[in-house]
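Comments concern the structure below.
Bear in mind these aren't lab numbers, they're just calculated from the coordinates by the rules spelled out. No experiment lies behind these values; they were computed from the predicted model shown. Glycine also receives a Cβ, built like all others from the backbone with ideal geometry; neighbour counts cover every protein chain displayed.
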Amino acid sequence: MAEEEAVKPVEADGAKKAPATFRAILGEKVGMTQVFHPKDRGLYDVTVVKAGPCRVLRVKTADSKDGYNAVQLAYGVRKEKNVPAPLRGQFKKAGVAPARFVKEIRLGSVDGLEAGQVVTLETGFKPGDYVDIQGVSKGKGFAGVMKRHNFRGLPGSHGASDKERSPGSLASRRSLGRVLPGQRMAGRMGHETTTMQKLEIVQIDPQNGLIYVNGSVPGPKGGFVTIHETVKAKKFRAEARKPTVRKDKMGNIIKAAAPKAGAKK
């Protein structure tokens, strides 16, 4: 960790920035907090992600032997001795320091993208944009049907001492006599690639490289995520939404208190 902190940020060496039309970046999850939205002053539950800066490791084109358009991004710093030899050669060819996280993103067009360019938060993101965030969900290990599939369970009376959490019948009778594929059963839960779509960017802190996204993001704290423009039709927030009206027991509207000056976000 000391070596990673000693490395200078990749944008400090005067590298060329990626075009603003490229809207994708890598990062790691920091945690969750609450912030007041700058437009409607509503209290939002947000996930903080430390995103970028990222280096463009490789650009693939449909005209080359790859046969498709894509770009490989590299995030973080890693010791060279811990990098596999084939991947180490790619870093040297691109002139990029070994990275902790490498991800390939498919694109319709790779115009303006070159190996060695830097992708930062200011490149193509701003508050109000909708993004899709992909990560690996938390692994829960081997789980039963009640935890994994939200089964109700069997009755716990009339001598059913050990059947409360069992799945019940699994297969058909003699006419079929087997368990059909796709039957919901106990098994490994979590540790799957998950994508949360159309999350709004509430705020951006370019100095610290932090992005505040409304909602939850898959994965644990410190897990790597990929942020890119949403695939949904609506790409950005058109207007400020009305704040949620909260009332007390007497029916009076409760207004959210404004944050104090100098308070930490």
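Taking only C-alpha pairs under 8 Å that are 6+ residues apart, what is the relative contact order of the chain in percent? Could you put the intermediate results ahead of the total?
Details: 524 pairs, mean separation 68.5, N = 265.
It rounds to 26 percent for the chain.
Which whole number of Å³ per residue matches the convex hull of the alpha-carbon atoms in segment 49-109? Display every interim value, and only then the final one.
Details: hull volume 5.7 nm³, N = 61.
So the per-residue Cα hull volume is 93 Å³.
Using the structure shown, list the pairs from K79/K221; K17/K138; K103/K147; K163/K221 with a Cα-Cα distance above 30 Å, or answer none. If you can, show how the numbers build up before the last one.
Numbers: K79/K221 22 Å; K17/K138 34 Å; K103/K147 32 Å; K163/K221 36 Å.
Table pairs above 30 Å Cα-Cα are K17/K138; K103/K147; K163/K221.
Between M250 and S216, take the C-beta separation as r, use R0 = 45 Å, and let me know the FRET efficiency to the nearest 0.05. Intermediate values should be presented prior to the final figure.
Working: r = 33 Å, r/R0 = 0.73.
E between M250 and S216, to the nearest 0.05, is 0.85.
Report the normalised scattering of segment 61-203 as log10 I(q)/I(0) at q = 0.17, 0.18, 0.21 Å⁻¹, calculated by the Debye formula with identical scatterers on the alpha carbons.
Relative scattering, expressed as log10 I(q)/I(0), comes to -1.12, -1.20, -1.39.
If you take the square roots of the eigenvalues of the alpha-carbon gyration tensor of the chain and sort them as a ≥ b ≥ c, do you get rounded (a/c under 1.5), prolate (a/b over b/c) or oblate? All intermediate terms of the calculation are to be shown ahead of the outcome.
On the way: a/c = 2.12, a/b = 1.27, b/c = 1.66.
Oblate.
So, in Å, what gap is there between the alpha-carbon centers of segment 121-151 and segment 169-225?
5
Restricting the calculation to Cα positions, tell me the Rg (one decimal) and the Dmax (whole number) of segment 164-238 in Å.
21.0, 68
Dipole of the chain (Lys/Arg Cβ +1, Asp/Glu Cβ -1, origin at the Cα centre): which of A24, A160, P38 lies farthest to the positive side?
A160
For segment 5-115, what relative contact order do you get, as a whole percent, if you take Cα pairs closer than 8 Å and at least 6 residues apart? Present the calculation step by step, with values, prior to reporting the outcome.
Values: 171 pairs, mean separation 27.8, N = 111.
The normalised contact order for segment 5-115 reaches 25 percent.
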